[in-house]
Structures are given as C-alpha cells and as structure tokens.
Amino acid sequence: MAIDTTIYVRTPSGSAAYLDGLQMLTGVGLITFMWTHMILVASVNLGADAMNTLAQFFEDTYMAQVGGPIIAFTFLVHFILAARKVPFRAEQQSTIWKHSRMLRHTDTWLWLVQASTAMLILIMGSIHIWTILSDLPISAAKSAARIQGGFWLVFYLILLPMVELHVGIGFYRIGVKWGLIKRKNRKGFKRFENILTGIFILIGLITIVRFMTLSI
C-alpha cells in the first residue's frame, strides 16, 4: 500500500508584509516627530519667549489640538504592530535571552533593548501625552513648574534615555531591514546612530537643566 508523502506548504499571506510596512511607516513618523519635538522643546535654551512663541504658533494653528491625538494614535498603532513579534510569555523570554547570549550578535541585543524599552515607553509616554494634552496651551512656565516639582524630574530623566535609545535603534534597524544599510557600511552607520543618540540625550539633559533653573 502506497503511502502519500506529499508535503503541503501553506502559501505565506501578504498581510504580514503589509503590517511590516505599516510598522515601518509609523516608526519613521514617530522617529521624525521625536527628533523634531526634542529640537522644538530645546528652544527654551534660547529663552522662555522662544519656546512660548513656538507653542503659541502650534496653538493658533490648532496643530497642538489636532496633532497631539494623531501622534497618540500613531504611537498606539505602532506598539500594536510591533507587539506581534515581542515575546510576552516567560518561556519565550527565557528562550530569546538564551539565544542572544549564545549568538553574541550585536543586532540581536539591540532588538532586545528596543523591545524592553518599548514596554516602559508605552506606559510613561502615555502618561506624558495625557499630561500635556490635558493642560494646553503649552508654555515654558508650565513645563518648568512641572519639572521643578520633583517627581517629573525623575520621570523625564528615566524617559529621556529610553526614548532616544529606542528611536536611535529603530532608525538603524529600519535601514538594515529594508536594505538601506548594507553590510559594508553597517559598522559606520551604527557608529553614526550612536553619536546621534548621544547628541539628542545631551540636548535633552541640557533642556531639563534649563527648566530646572527657569524662573517661574
């Protein structure tokens, strides 16, 4: 009696590719927003009036009222899309850590850092967005008062490096995944990404110090 040894292979669905593409697009949007946001907030280093003028512009053009919810929605969609590949169960986490130690592959560790920071950024970023949008308009005095309160200083000192690490690694990994960064220039681009991340963390720290010393 003949035995049927035919192997049936399921044709992969194109939906995974579309979801990956959407994850990339939302990621690029959030990276652009975060770097722009950091530069705009850092305008306080030029004086409170500089930041207040920019904030008033966004208020008058309703970019704050409309853009804020759009960013929050993009933030949520990006997390949901990225969560498809994050190991949440204990045995999955144990496996990925064992494989990472065994492989000793830098890019694998970068993904782990990105996945780990994502969890805290989801919680802390949501708190930050809600706090800002529920207390419009934005002003240098409000931001300074919040940071000088104590709790928010610690909050932002934790959130700042996590966001910049997550964004910087995301920027690098998007380039690698979509073929924009080749093997021959990967090392140089990784160095560039590290320098860029360090610059934005430094800008953030200088801005926090400025808020701490701003008279309110």
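Does Arg146 fit the bill of being charged (D, E, K, R) and under 24 Å from Phe57 (Cα atoms)? Here the answer is yes, as Arg146 does meet what is asked.
Counting only residues that are free of Cβ contacts under 8 Å to residues at least 40 places away in the same chain and under 17 Å from the mean Cα position of the chain (by Cα), which one in the range 34-48 is surrounded by the fewest Cβ atoms within 10 Å (Cβ to Cβ)? Selected residue: Thr36. Scan the range 167-182 and tell me whether some residue there is without any contact (Cβ under 8 Å) to a residue 60 or more places away in the chain, out of contact with any Phe, Trp or Tyr (no Cβ under 9 Å at 6 or more places or on another chain) and part of a helix (DSSP H, G or I). No, the range 167-182 has no match at all.
Here Phe73 meets each of (1) surrounded by fewer than 12 Cβ atoms within 10 Å (Cβ to Cβ); (2) modelled with pLDDT under 75 with one exception, condition (2).
The values are calculated or read from the model by the stated rules, or taken from the named source; none is laboratory data. Nothing here was measured: the structure is a model prediction, and the numbers come from that model. Counting neighbours? That spans all protein chains shown, and the Cβs are built from the backbone with ideal geometry, glycine included.
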